[in-house]
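Enquirer: Before I ask anything, let me first share the structure, which is written out below as structure tokens.
The values are calculated or read from the model by the stated rules, or taken from the named source; none is laboratory data. This is a predicted model, so every value here is computed, not measured. Neighbour counts run over all protein chains shown; Cβ positions are idealised from the backbone, glycine included. The protein model used for the area step is the full one, side chains on, heavy atoms only, and it has no ligands, DNA or RNA in it. Shrake-Rupley method; radii C 1.70, N 1.55, O 1.52, S 1.80 Å.
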Amino acid sequence: MRRAVIIFTAVLGFLFTSLGLGATSALAEGETLQGTLVNAGQPVAGVVIKVADEGGSSVGEATSKADGKWSVPVPGAGTYKVDLDTATLPQGVTVTTGRSSLTLSVFEGAARNVLFPLGSAAAPGAEEQEEAPGSSNLSRVLDLVYTGIHFGLIIALAALGLSLIFGTMGLTNFAHGELVTFGALMAFLFNVSANLPLWLSVVAAVVLGGLFGWLQDRFFWGWLRGRRTGLIGMMIISIGAALMLRYLFLYFFGGQTRQYADYVAQPGIDLGLIAVAPKNLIMDAVAIVVLIVVSLALVKTRLGKATRAVSTNPSLAAASGINVDAIIRLVWMIGGALAALSGAMLGIFQGVNYQMGFQILLLVFAAVTLGGLGTAFGALLGSLVIGLATQLSTLIIPSELKNVGALAVLIVIILVRPQGILGRRERIG
């Protein structure tokens, strides 16, 4: 009977994988720059938007439609210059920040939203101010620094969950990226399909993510542990689980990148050399609070101490009266909830796609390894380093290779400090 179940699961996984491989080329869409032009709550039509690559070559242009929306497909991930033709704006309307030209990065497989806040025109000549020499370069550096920190905090949520699971089970879970995608898709389902507010949709997605993590360990990973499956075997199984889940997402969600219904086009807050959308600042605050609360709970609470005891020595923890399976199940629930929150935030940041978790999985692994395997604060620190390295590397190398910059930083630090930034030295042999 058990052999039949295993064979059935393998065949089902193969069918979903085959279906996904056949559907990817038909459904997947490329990277896109898009936006919505609004003035005083009303859409602005007929405005021309031009897009060029880093070399100045034209990529394409679009004209805003009656609903104010425009979209320009780009050939791939990279940095692009987006120009709003101010001559096509209606009379009396101008870009309130004074910046009609933006340089933005587009992530692989994602649609990047471009924001041009519009408002009433100022006095003649007031909107045209010549920037000081070097201010544009400084503005770009500061924008990349903030984007790196923002992206690093999103990665940190997923990395913390992955680090907890590795710390208690020793499992390198390649299906963790699909937990990230699950959170984004659930938030999309509640927000777009059920018309719930985005904040409530994210909360529901986090709850379902925690439940999904608990169910995984209760009926799958716990069963494998009971059969004394080795860590190498479980790691390989996690790769198969990741493939099956990924193509299940593709089958039901499709291959295109979609946006949430709320906060797609939100005016930024002018902070001098950079402008930051309020939604990003709120996400940063939520991520920081969650990371600090979870990290302190692992240090201060009884459950946290029990978790660390299981992580250090499961056999001794069991002999001390700790329910090891219950603790591991709790860790899976926390890891699933953190991954779901990371996915929902990533969806707000760059859109929702069936393989978004897979695309950042390598960076999550790099962050956990860099910070120190099994350490909560190490996962946070490693994620910030990876986020900054990923974004700032585009000042030197093409955007398509920015992940290489992050991995290069990982290699250098691991060569100098093999246990990671906050990891402990361990004697081998």
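Enquirer: What is the spread of the Cα atoms of the range 298-407 along each of their three principal axes, largest first, in whole Å?
Expert: For the range 298-407, the Cα spread along each principal axis is 55, 26, 21 Å.
Enquirer: Still on this structure, I have one more. Specify, per residue and in Å³, the volume enclosed by the convex hull of the alpha carbon atoms belonging to the range 179-250.
Expert: Output value, Cα hull per residue: 80 Å³.
Enquirer: Name the lysines eligible as straight-distance cross-link partners of K402: C-alpha to C-alpha under 29 Å, and not fewer than 8 places from it in the same chain.
Expert: Partners within reach: K50, K81, K279.
Enquirer: Also: Give me the percent of the accessible area of the range 137-236 that comes from carbon and sulfur atoms, probe 1.4 Å, all protein chains in place.
Expert: 73 percent
Enquirer: Here is a further query. Just the accessible area per residue of the range 148-198, please: how many Å² with a 1.4 Å probe?
Expert: 21 Å²
Enquirer: Moving to a separate point now. For V404 and E54 in the same chain, what is the full-extension length gain: residue separation times 0.36 nm, less their Cα-Cα distance, in nm?
Expert: Additional length available on full extension: 124.1 nm.
Enquirer: Can you list which of the trypsin sites (Lys or Arg not before Pro) found in the range 183-268 are DSSP loop residues with at most 13 other C-beta atoms within 10 Å?
Expert: Counting only loop positions with at most 13 other Cβ atoms within 10 Å, the trypsin sites (Lys or Arg not before Pro) in the range 183-268 are R227, R228.
Enquirer: Apply the Kirkwood formula to the range 274-341: the hydrodynamic radius equals the inverse of the mean of 1/r over all pairs of different alpha-carbon atoms; give it in Å with one decimal.
Expert: After inverting the mean inverse Cα-Cα distance, the result is 13.7 Å.
Enquirer: Additional query: Mind checking which lysines have their C-alpha under 16 Å from K305, skipping anything on the same chain fewer than 8 residues away?
Expert: Of all the lysines, none pass the test against K305 - Cα under 16 Å, at least 8 places apart if same chain.
Enquirer: Now for a separate question. How long are the semi-axes of the ellipsoid equivalent to the range 151-213, from square roots of 5 times the Cα gyration tensor eigenvalues, in whole Å, largest first?
Expert: Square roots of five times the eigenvalues give 25, 12, 9 Å.
Enquirer: Between the range 163-196 and the range 392-416, what's the alpha-carbon centroid distance in Å?
Expert: 26 Å
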